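Take a look at the structure set out below.
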Amino acid sequence: MMLTKDKIISIFCLIDDILKGIEHKEDKRRLVSDSEVILTAIVSSTSFYGNHSSAIQFMKQYGFIPNMLEKSRFNRRLHKVGSLLYGLFEIISGYFKEFCCELHYIIDSFPVAICNNIRIPNCRILKGKKWRGYTASMRDYFYGVKVQLLTTKDGIPIAFHFTPGKTADAKALGKMIDKLPAEASIYGDSAYLDYGLEDSAFERKAVLLKIQRKSNSKRIDTMEQKEEKLKMRKRIETAISDIKKMFPRTIHAVTLEGFLIKLTLFVFGLQLSK
């Protein structure tokens, strides 16, 4: 999705205002600010399949950032603000939750392979069996990470984190509950089924876990509840599809940190473009 001029300017103003608000410090002698580096990275993820060179050229050519850095310096600067990206995402998520008074959320996960299965022995970024996961819907194994994604009912990403491919989805759900306001509802498929977590979430924050039931579940859904959960599930599947549409054929990275920064930018890019 190619961002419009107005959207690019709006995203820059939002990022720059937040960095000023949190008193982010940087060298005043720089010709290109951290806000401009982050903006270019967002444009890269939303409009150029994560290709930094194309985004750098675009920002120069159309006069958004005439003094934009060359690719190598840009990548070094981006890695330095890598941890800041998630902080910005969290702050903007807070705006959504506070101003929109949203109480309906959906959780799902999707795998992102770092390499093809045949190349696992030669993979330098990851090592170990914990990264080898199984995707039931595709009936296939992958070697990489799972993105645990939480969205609003309208498909706007509100929280996410990464887990090794082998990690069960139910284990990731507990971390998401603390990011929800009291009395919220969270929808998910049967992979997130955990009766103990359902009970504790309700007792602690009055959060309702509306997880799809398995055929042998002790707690049975009515037909109306089944339809409601299925409808919400389709909405997050659309959001995940929108994120994957931004992916290149392969996500190139030299380190795990670099790989996760690129994944963060794809999720962040969808949030801002919405």
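The values are calculated or read from the model by the stated rules, or taken from the named source; none is laboratory data. Bear in mind the structure is a predicted one, so any value in this text is a computation, not a measurement. Neighbour counts run over all protein chains shown; Cβ positions are idealised from the backbone, glycine included. Note: accessible area is taken over every heavy atom of the protein model, side chains too, but ligands, DNA and RNA are not part of it. Shrake-Rupley method; radii C 1.70, N 1.55, O 1.52, S 1.80 Å.
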Report task. Might you tell me the accessible area per residue for the chain, computed with a 1.4 Å probe and given in Å²? Result -> 54
Requested in this report: Note down the net charge around SER215, summing +1 for each Lys or Arg and -1 for each Asp or Glu among other residues with Cβ under 14 Å from its Cβ.
Outcome: +3
Report task. Give LYS146/LYS171; LYS25/LYS244; LYS231/LYS274; LYS80/LYS129; LYS7/LYS231 a once-over and call out the pairs whose C-alpha atoms are over 22 Å from each other. Result -> LYS25/LYS244; LYS80/LYS129; LYS7/LYS231
Requested in this report: Quote the relative contact order of region 118-265 in percent (integer), defining contacts as alpha-carbon pairs under 8 Å separated by 6+ residues.
Outcome: 18
Report task. Please grab the % of Cα pairs in region 3-62 that end up more than 15 Å from each other. Result -> 51
Query - Distance (nanometres) between label positions extended 7 Å along Cα→Cβ at LEU208 and ARG30 - result: 4.6
Report summary line: So the angle from the long Cα axis of helix 195-205 to the longest Cα principal axis of the chain, reported in degrees to the nearest 10, equals 70
Query raised in the report: Where does each of 41-49, 77-85 land if you order them by average Cβ count within 10 Å, highest first?
Result: 41-49, 77-85
**Report entry** For the chain: span of alpha carbons on each principal axis (Å, largest first)
**Finding:** 63, 48, 29
Query raised in the report: Carbon and sulfur atoms: what percent of the 1.4 Å accessible area of the chain do they account for?
Result: 52
Query raised in the report: In whole percent, what relative contact order does the chain give with Cα contacts below 8 Å and a gap of six or more residues?
Result: 20
